[in-house]
Amino acid sequence: MKEVIILAGGLGTRLKEVIKELPKCLAPIGEKTFLYFCLENLKKQGFEKFIFALGYKSEKVINYIESQNFGID
């Protein structure tokens, strides 16, 4: 099983003016988030298990992942 660690705990201080109260991995890119594109790309590469290293506003990231149908472990 291919597994990957996703570092998603940064404060996003340089993006603060644009994303306000969101962690930077949830920064919008069109209708999706940065994290969405990362996960979809990694899934296409065959990764099956995802480990998230979270910090800043981790509850928002967890809620986002749980609310989406990524089909990941």
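The values are calculated or read from the model by the stated rules, or taken from the named source; none is laboratory data. This is a predicted model, so every value here is computed, not measured. Quick reminder, even Gly has a Cβ in these numbers, built from the backbone with ideal geometry, and neighbours come from all protein chains shown.
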- request: Would you be able to tell me the number of residues in the stretch 23-32 that are part of a helix (DSSP H, G or I) and either of a type in the set (D, E, K, R) or farther than 25 Å from M1 by Cβ (or both)?
  value: 2
field: Pairs, first free of Cβ contacts under 8 Å to residues at least 60 places away in the same chain in the stretch 3-18, second in a strand (DSSP E or B) and among the basic types (K, R), C-beta under 8 Å, six or more apart
entry: E3/K49; V4/K49
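Results for (1) at pLDDT below 90; (2) among the polar types (S, T, N, Q); (3) assigned to a helix (DSSP H, G or I), shown as yes or no for each residue.
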| position | (1), (2), (3) |
| --- | --- |
| K16 | yes, no, yes |
| E21 | yes, no, no |
| F52 | no, no, no |
| I62 | no, no, yes |
- prompt: Can you tell me which residue in the stretch 35-64 is nearest to G9 (Cα to Cα), limited to those that are crowded, with 16+ Cβ neighbours inside 10 Å and in contact with a Leu (Cβ under 8 Å, 6 or more places away or on another chain)?
  reply: Y56
Top-ranked residue of the stretch 33-50 - restricted to ones that are under 18 Å from I5 (Cβ atoms) and either assigned to a loop (DSSP other than H, G, I, E, B) or β-branched (V, I, T) (or both), ranked as modelled with the lowest pLDDT: E48
statement: Looking across the stretch 5-21 at residues that are touching a strand residue (DSSP E or B) at 6+ places or on another chain (Cβ under 8 Å) and surrounded by 12 or more Cβ atoms within 10 Å (Cβ to Cβ), the single one that is farthest from G55 (Cα to Cα) is I19
